[in-house]
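Shown next, in structure tokens, is the structure this report addresses.
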Amino acid sequence: MKFIVSSNTLLKNVNLIGGVINSNNTLPILDNFLFELDGSQLTITGSDLETTISTTLEVESNDNGKIAIPSKILTDTLKTFPAQPLTFIQKEGNTLEIVSEQGNYQLAFEDANEYPQTPDIEDASSTTLSASILSEAIIKTIFATGNDELRPIMTGVFFQANADIFRFVATDAHRLVKYTRNGLDNLQAAEYIMPKKPLNLLKNILGGNNDDVTIEYNNTNTRFSFQNIVLTCRLIDGKYPNYEAVIPKENPNVLTINRNLFLTSLKRVAIFSNKTTNQVRLKLVGNSLIISAEDIDFANKAEERLPCDYNGTDLQIGFNSRFLIEMLNNLQSEEITLEMSEPNRAGIIKPVDGLEDGEEILMLVMPVMLNA
């Protein structure tokens, strides 16, 4: 087995899929990339058993074969080369030689037959989505997923498609984000929960690309095919909670405010909040918003008054500042609304502008009990 490939092209492809490999694998073979050569087509695969990514690239070769190459030593070596062609030659004794303009390097490879096979998606349903839409949906929701392994369904993003609407929902029980795209074509009805790790990998791969992504799924697995990349992962098993039931429908108290003004004020005031609760107090009187925080243990205190447009009764409500800051950071609008009903009911954040046609986003944040 012998092939010639550009060092830059190879590095770009191993970087794309390298994030799937865990630092501590239960199976030593998973510390490797699987290289499969079929003439001039080289397919490189990385896996952690739950998620598998493969990428295919053109090389100079007429050979066939497959080997498992240690991922770390290969990636670290490729990073040191200037742009140049590299020659890979399989030697006897499970040794791979890399020939560069600077010199020769040999490393031991593993038996490719030990590498786990990518699961087939049997009886799959399929849909197609623009890479830019999928990437934006992941960015807008993934930060709101939970980390509690005892509640695995909360650690992923809920994909829900029907007719011409695709919804993406994430929650950790303290906050919730619902991102919706309307006016899409030929969507098959679907409901499944995507794990966080493959979504983060997809987010990095898709970037701002507008090409289509083909999504195939059944009850246990899903596969995303995009350009020369295929990502397959196991779905989270379980039924997603009825998220619509927790979104309050009647919210007569509506605050409209410049997002950046609100965000920068929260960042300053939150520095003085209690480090356990991160609590900030919002006091709404007339067309003024007073943001305050206090850490009694250290006698730290801060207060700011901001101009706003407020329709509703005078209200005081407490929120976790970290949640508010994260939500506002994940919006691009110039202005936002914060809809509220009572101090013990969830607040709803929506962007006023900056959305594309058919794009909707709703962010829910639970209040925290105010100190007297």
Which numbered condition residue 17 misses (of (1) open to solvent by less than 50 Å² (accessible area, probe 1.4 Å); (2) more than 22 Å from residue 234 (Cα to Cα)): (2)
Selection from region 268-295 of residues that are β-branched (Val, Ile, Thr) and without any contact (Cβ under 8 Å) to a residue 60 or more places away in the chain: 269, 271, 276, 280, 285, 290, 291
Sole exception among (1) open to solvent by less than 30 Å² (accessible area, probe 1.4 Å); (2) within 32 Å of the chain's Cα centre (by Cα) for residue 356, by number: (1)
Among (1) surrounded by fewer than 20 Cβ atoms within 10 Å (Cβ to Cβ); (2) assigned to a strand (DSSP E or B); (3) among the aliphatic types (A, V, I, L, M), the one test that residue 83 misses: (2)
Complete set of residues in region 171-220 that are over 16 Å from the mean Cα position of the chain (by Cα), open to solvent by 60 Å² or more (accessible area, probe 1.4 Å) and on the phi < 0 side of the Ramachandran plot: 174, 185, 188, 189, 191, 210, 211, 212, 219, 220
Some residue of region 24-41 being over 20 Å from residue 113 (Cβ atoms), assigned to a helix (DSSP H, G or I) and not β-branched (Val, Ile, Thr): no
Enumeration of residues in region 285-304 that are closer than 17 Å to residue 335 by Cα and either of a type outside the set (Ser, Thr, Tyr) or touching an Asp or Glu at 6+ places or on another chain (Cβ under 6 Å) (or both): 287, 289
Test: residue 57 is open to solvent by less than 60 Å² (accessible area, probe 1.4 Å), in a helix (DSSP H, G or I) and under 21 Å from residue 231 (Cβ atoms): no
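The values are calculated or read from the model by the stated rules, or taken from the named source; none is laboratory data. Because the structure is a prediction, the values reported are computed rather than measured. For neighbour counting, all protein chains shown are included, and Cβ atoms are generated from backbone atoms with ideal geometry for every residue, glycine included. Heavy atoms of the whole protein, side chains included, go into the accessibility calculation; ligands, DNA and RNA do not. Shrake-Rupley method; radii C 1.70, N 1.55, O 1.52, S 1.80 Å.
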